[in-house]
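What follows is calculated from the coordinates using simple rules that are stated; it is not laboratory data. Since the model is a prediction, treat every value here as computed from it, not as a measurement. In this analysis, Cβ positions are derived from the backbone assuming ideal geometry, glycine residues included, and neighbour counts consider all displayed protein chains.
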Amino acid sequence: MPLIQIVIALIVVGVLLWLVNSFIPMAGSIKSILNALVVICVVVWLLNTFGLMHYITNFHLNRVG
């Protein structure tokens, strides 16, 4: 995926989130949960797009002893 498409997608998601936060009345706690959910989804999408998800899902901690 070209970098310009990623930037455009991030701008669209940001504008949509701003519109929801500005014009749809809801409790502050619900807005916080919605914002956190959108940020987590965008970060996972970016990791997957850049091919870094493989490294995170295969991360293992070895026990010593």
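Take the Cα of residue 63, step 7 Å toward its Cβ, do the same at residue 15, and the gap between the two points is 5.3 nm. Expressed as a fraction of 2.2 N^0.38 Å, the value expected for a compact globular protein of N residues, the C-alpha radius of gyration of the chain is 1.53. With 0.36 nm allotted per residue and the present C-alpha distance subtracted, the residue 1-residue 41 stretch has 12.7 nm of extension available.
Separation of segment 39-65 from segment 9-35 is 26 Å, based on Cα centroids.
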